[in-house]
Amino acid sequence: MSRLVGRLAQGALLLVVLSMLVFVFAELAPGDFFTGAVLDPRMSEELIETLRLQYGLEQPLHIRYLRWASSVARGEGGFSIAYRRPVVDLFLPRAAHTLMLAGASMLLAWIIALVLGIAGAYRAGGWLDRSTLIAVAALLAIPELLLALLGILVAVNTRLPLGGATSLDYASLSLGARLIDRIEHLVIPVTVLALTSLPVLVRHVRTSVLEALDAPFVRAARGHGISGRRLMLAYVLPAAANPLITLFGISFGGLLSGSLVIEGAMGWPGLGPLVLESMTNQDLHVLLAGILGVCAFLWVGNLIADGLLVLIDPRSGD
Amino acid sequence: MSGGPADRAVLSAANISMRYRRGGKLSGSEQIQALDGMSLEVRSGEILALVGPSGSGKSTLARCLAFLERPDSGEVGFQGEAVPWEDVLAMRGLRRRVQLVFQDPARAVSPRFTTEQVLREPQQAWQQRASPQRALDWAQLLAEVELDPKVLPMRARSLSGGQLQRLVLARALVTEPDALLLDETFSGLDLSLQAKLANLVLGLVESRGLTCVLITHNSALAEQLADRSLVLSQGRVVDERSAPDASTGGTS
Amino acid sequence: MGTKVARKWLWWILAIHLVVLAAELVAPHDFARQVRTLSFAPPTPPRWIDAEGRFHWRPFVYALQRDPRNPREFIDTTNERHPIRFWVPSEPRQMGPMVLKYRLFGTSSPTGIHLLGTDRYGRDMFSRILYGARLSLFAGALAGTLAVVLGLIAGTLCVTWGGWVDAFLMRMVELTISLPWLYLLIGVRAFLPLSMDPVPVFVLTIALVGTLGWAVPARLVRGVLKTAREQDYVQAARGFGASEAHLLFKHLLPQTRDTLLTQWALLVPKCVMAEVTLSFFGLGVQEPFPSLGSLISVLTEAHGAMTRVWMFWPAVALGLAILSYHLLAEALQQHRDV
């Protein structure tokens with residue numbers, strides 16, 4: 001329990017340090033939100049100066065940081081100059097979409113990886129194992145961006161929708177139709193994202209199961225005539241679970257990166273496009289929320305993996 | 001143990017201890033006590049055998065006595081003075097005075113080197129302007145270990161086991177050490193080769209006036225070659241035996 | 001067997017790089033040259049048989065014109081053949097230190113050859129792919145090299161210094177590996193000016209991507225050096241009073257060679273993709289300078305590029321380049337396992 005508190009404190013500290021770093025770096029970068037506005041003929045220089053004053057961009061660095069921090073403490077998460085509203089209003093729906101995409105594809109990828117990896121390892125060298133390995137090697141050589149492109153191509157040539165998480169007439173649909181609409185929008189992004197994380201997962205599952213199958217106690221169990229499903233469920237999988245859970249924590253980072261590419265390429269309204277957009281127009285508070293949010297996801301993912309490890313193997317707890 | 005000048009301690013260890021950590025993160029830090037308060041003295045000109053089963057800390061001791069590894073506690077001494085571990089330059093000089101010959105000669109030479117490069121290394125490694133070295137007398141050196149000069153351009157790892165062992169011995173002589181530490185040098189060889197090499201080493205000890213520490217698990221061999229044997233077990237000296245004729249005239 | 005295969009792929013990759021390096025010579029057009037009448041024109045393939053069915057030894061192309069019945073489509077202008085010639089004279093232009101007055105191939109008439117069609121602005125896709133691939137592939141190769149060199153330095157520091165330096169660097173490695181690299185990349189890119197000249201962008205991208213890639217090679221180098229240090233012949237060299245420098249350069253670093261080469265082959269495609277991704281999101285070089293990333297991003301814009309098959313050639317080129325690197329890495333890894 002004290003360990004959990006320690007980890008939480010550590011994570012919070014990390015986020016604070018990170019936010020300070022972002023502020024300092026942003027200070028070093030040339031220009032601010034209104035740099036681009038100078039080119040706009042409708043904006044006079046006086047107007048821009050007033051706006052700068054109004055948003056407190058003329059204040060010294062530490063004051064700006066404290067204002068941002070207090071805004072976060074109030075639950076607003078800062079203020080987006082581009083959208084003229086608190087960052088939370090922008091952040092939460094986007095974060096929900098990213099989590100939906102990442103969560104669904106993680107689930108899909110793990111199910112496929114477990115099935116293929118365990119089946120392949122159980123009959124190592126068999127036709128299923130060999131074809132899986134070939135497919136995995138091929139998939140590994142295709143970059144995320146090109147997979148996303150293939151996904152777009154599929155969407156163009158089928159009835160599946162692309163871009164956005166819902167159709168334009170979503171609000172007017174019935175409950176059942178809404179559900180179908182959401183799922184239809186999810187199909188291609190989730191499939192593509194799952195495919196990008198699949199190769200690593202399949203290889204790891206296969207190796208850990210192979211290693212577990214080779215462990216002395218499993219061989220002994222085999223020698224006692226235990227085989228098939230019982231051997232897998234009672235002996236092999238518990239032994240293979242440890243490295244897989246560790247992998248679960250690590251694979252989160254790669255998934256989020258892949259998610260950014262796919263969100264950007266397919267117009268999925270997640271955090272990725274928001275971060276990219278806030279970056280191009282130097283909307284600092286939104287950028288901060290995006291970066292910190294992603295780091296927090298990552299960290300929570302690792303925390304979950306650690307928790308699962310402790311649950312399965314209490315020895316690793318201390 | 002009278003302290004006359006003839007049997008002054010070349011190498012000594014005073015109460016040295018050494019622990020290793022082993023195992024992965026999950027199995028915790030399992031510690032192995034390699035040396036546990038070991039003390040010994042190697043007298044000038046003698047052949048001392050350190051006998052013990054595997055895991056008795058022999059190899060760790062050898063590395064400590066060759067100044068390659070610093071024990072966790074205790075002093076290692078050379079010619080009566082404690083070794084200055086912190087002084088990097090002095091240590092580099094000291095290491096040249098004691099040469100460790102490893103168990104497996106094939107692993108003791110770089111796979112990239114030819115025989116000639118192997119023999120040149122002790123001089124190349126020591127590039128100190130303050131103490132220039134004599135040019136290497138190839139013919140004499142090779143004759144001393146009975147090695148055919150034809151092997152010089154060959155890749156060292158391609159030599160036979162016996163040739164490699166001679167090569168490694170020759171290399172150890174380049175720095176003109178005071179003491180040789182032979183770590184299981186004769187094990188793993190067939191008996192006739194073992195005898196030949198043992199005779200070779202005895203001859204070198206004689207002709208060069210070397211001190212020699214023989215580390216082995218083979219107590220018969222120790223008895224045959226050494227003036228004095230120390231029996232090691234679990235990181236300590238548990239017994240000392242002198243060869244019957246050693247007390248009369250072992251030193252030259 | 002592995003080395004032979006690896007060498008084959010290495011030559012192939014080298015060949016690709018040489019071709020794109022000489023883009024000024026190989027490309028039949030300048031990357032920014034627009035022909036406004038030829039927006040989204042399809043490829044003009046080299047032909048040997050003309051419209052009347054006659055065979056010609058010298059390949060030729062037909063110029064394109066708008067189909068009068070359907071102005072969205074193009075048709076061949078079959079009344080005039082434009083023979084393809086090698087070493088055609090052209091306007092003088094700079095390539096590195098040289099001034100070129102020729103192109104490798106082309107047609108003598110201004111109508112020109114468009115092997116892979118044109119884009120929305122009537123720019124030659126084949127030429128743009130060559131120039132774009134030069135930027136992306138060289139950025140990737142150099143960034144990969146930088147990453148490997150940084151990893152080598154960091155790994156070496158870990159082993160020679162040890163103690164807190166080692167602990168700190170390994171902690172940084174873990175952190176770098178666990179963070180999502182793309183967010184990290186974009187996060188750092190966020191604090192640099194958006195639009196810059198192509199050369200600073202090129203250098204900056206290499207620096208950014210290379211710096212983020214140091215972690216895995218650093219950890220591997222450290223591992224290799226740690227095991228190498230314990231080897232008998234290294235300990236023997238220490239016994240000769242060898243300095244740390246002697247140990248490092250004579251014994252330890254040579255052992256990292258295979259690891260570094262494999263890591264390089266694994267990192268370069270990742271670095272190429274990092275540059276491509278940055279350009280894809282408009283964070284790399286700016287128009288009219290092409291990168292494979294910006295050429296691909298055209299496909300996701302709503303200008304109908306998706307329906308023009310030839311607009312996929314940049315993606316195909318990228319896929320082939322990445323695949324080549326993967327096959328090289330695969331061959332190197334097999335060689336190491338044997």
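The values are calculated or read from the model by the stated rules, or taken from the named source; none is laboratory data. Quick caveat: nothing in here was measured; it's all calculated off a predicted structure. Don't worry about glycine lacking a Cβ; one is built from the backbone with ideal geometry, like all the others, and counts go over all protein chains shown. For accessibility, only protein heavy atoms count, side chains too; no ligands or nucleic acids. Shrake-Rupley method; radii C 1.70, N 1.55, O 1.52, S 1.80 Å.
One line per residue, one yes/no per condition, for (1) more than 8 Å from chain C (Cβ to nearest Cβ); (2) in a loop (DSSP other than H, G, I, E, B); (3) modelled with pLDDT of 85 or more:
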{"residue": "B:P71", "(1), (2), (3)": "yes, yes, yes"}
{"residue": "B:G74", "(1), (2), (3)": "yes, no, yes"}
{"residue": "B:G77", "(1), (2), (3)": "yes, no, yes"}
{"residue": "B:A90", "(1), (2), (3)": "yes, no, yes"}
{"residue": "B:G93", "(1), (2), (3)": "no, no, yes"}
{"residue": "B:R107", "(1), (2), (3)": "no, yes, yes"}
{"residue": "B:Q117", "(1), (2), (3)": "yes, no, yes"}
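Residues in the stretch C:114-169 that are under 12 Å from C:P290 (Cα atoms) and in contact with a Cys (Cβ under 7 Å, 6 or more places away or on another chain): none. Just one residue in the set C:V148, C:V209, C:V165 is buried (at least 23 other Cβ atoms within 10 Å of the Cβ) and under 30 Å from A:L292 (Cβ atoms); that residue is C:V209. When every residue of the stretch C:189-197 is checked against the conditions, none turns out to be away from chain A (no Cβ under 14 Å) and under 18 Å from the mean Cα position of the chain (by Cα).
Filtering the stretch B:49-61 to residues that are over 14 Å from B:T185 (Cα atoms) and within 15 Å of the chain's Cα centre (by Cα) leaves B:G57, B:T60, B:L61. Just one of the listed residues (A:L179, A:L195) is surrounded by fewer than 17 Cβ atoms within 10 Å (Cβ to Cβ) and either aliphatic (A, V, I, L, M) or in contact with a helix residue (DSSP H, G or I) (Cβ under 8 Å, 6 or more places away or on another chain) (or both), and it is A:L179.
Would the stretch C:211-222 turn up any residue that is without any contact (Cβ under 8 Å) to a residue 12 or more places away in the chain and either within 30 Å of B:F113 (Cα to Cα) or within 28 Å of the chain's Cα centre (by Cα) (or both)?
no
Annotation: of all residues in the stretch C:286-311 being open to solvent by 10 Å² or more (accessible area, probe 1.4 Å) and among the β-branched types (V, I, T), the one that is modelled with the lowest pLDDT is C:T307. Within the bounds of the stretch C:252-263, is there any residue that is more than 12 Å from every other protein chain (Cβ to nearest Cβ) and crowded, with 24+ Cβ neighbours inside 10 Å? Yes, the stretch C:252-263 has at least one match. C:F280 falls short on exactly one of the conditions (1) surrounded by 19 or more Cβ atoms within 10 Å (Cβ to Cβ); (2) out of contact with any helix residue (DSSP H, G or I) (no Cβ under 6 Å at 6 or more places or on another chain); (3) within 21 Å of C:L142 (Cα to Cα), and that condition is (2). Looking across A:I111, A:I118, one residue alone is closer than 14 Å to A:V205 by Cβ and exposed (fewer than 13 other Cβ atoms within 10 Å of the Cβ). It is A:I111. If you go through the stretch C:43-75 one residue at a time, how many are surrounded by 17 or more Cβ atoms within 10 Å (Cβ to Cβ) and assigned to a loop (DSSP other than H, G, I, E, B)? Adding up the residues that qualify gives 2.
Any idea how many residues of the stretch C:1-23 are open to solvent by 30 Å² or more (accessible area, probe 1.4 Å) and in a helix (DSSP H, G or I)? Qualifying residue count for the region: 15. Applying the criterion of being within 14 Å of chain B (Cβ to nearest Cβ) and small (G, A, S) to the residues of the stretch C:219-251, the residue that is nearest to C:M172 (Cα to Cα) is C:A228.
Would the stretch B:97-111 turn up any residue that is of a type in the set (V, I, T) and in contact with a Cys (Cβ under 9 Å, 6 or more places away or on another chain)?
No, the stretch B:97-111 contains no residue that is of a type in the set (V, I, T) and in contact with a Cys (Cβ under 9 Å, 6 or more places away or on another chain).
What residue, among those in the stretch A:268-303 that are under 21 Å from A:A69 (Cβ atoms) and more than 15 Å from the chain's Cα centre (by Cα), is nearest to the other protein chains (Cβ to nearest Cβ)? Among those residues, the one meeting the criterion is A:L287.
Taken as a whole, the condition of being farther than 30 Å from C:L185 by Cα and crowded, with 20+ Cβ neighbours inside 10 Å applies to A:R206. Applying the condition of being away from chain C (no Cβ under 13 Å) and among the hydroxyl-bearing types (S, T, Y) to the stretch B:147-175 and asking which residue is farthest from B:F186 (Cα to Cα) yields B:S158. Of the residues contained in the stretch C:238-259, none is found to be within 30 Å of A:D283 (Cβ to Cβ), out of contact with any Cys (no Cβ under 6 Å at 6 or more places or on another chain) and in contact (Cβ under 8 Å) with a residue 40 or more places away in the chain.
For the stretch C:16-36, the criterion of being among the polar types (S, T, N, Q) and touching a residue at least 40 places away in the same chain (Cβ under 8 Å) is satisfied by at least one residue. Of all the residues in the stretch B:90-120, those that are open to solvent by 60 Å² or more (accessible area, probe 1.4 Å) and closer than 25 Å to B:E41 by Cα number 2. The set of residues in the stretch C:279-299 that are closer than 20 Å to C:I186 by Cα and at the interface with chain A (Cβ under 10 Å from one of its Cβ atoms) comprises C:F280, C:F281, C:G282, C:L283, C:L292, C:G293, C:I296, C:S297. Out of contact with any Pro (no Cβ under 8 Å at 6 or more places or on another chain) and either open to solvent by 80 Å² or more (accessible area, probe 1.4 Å) or not acidic (D, E) (or both): does that describe B:L181? So B:L181 passes the test.
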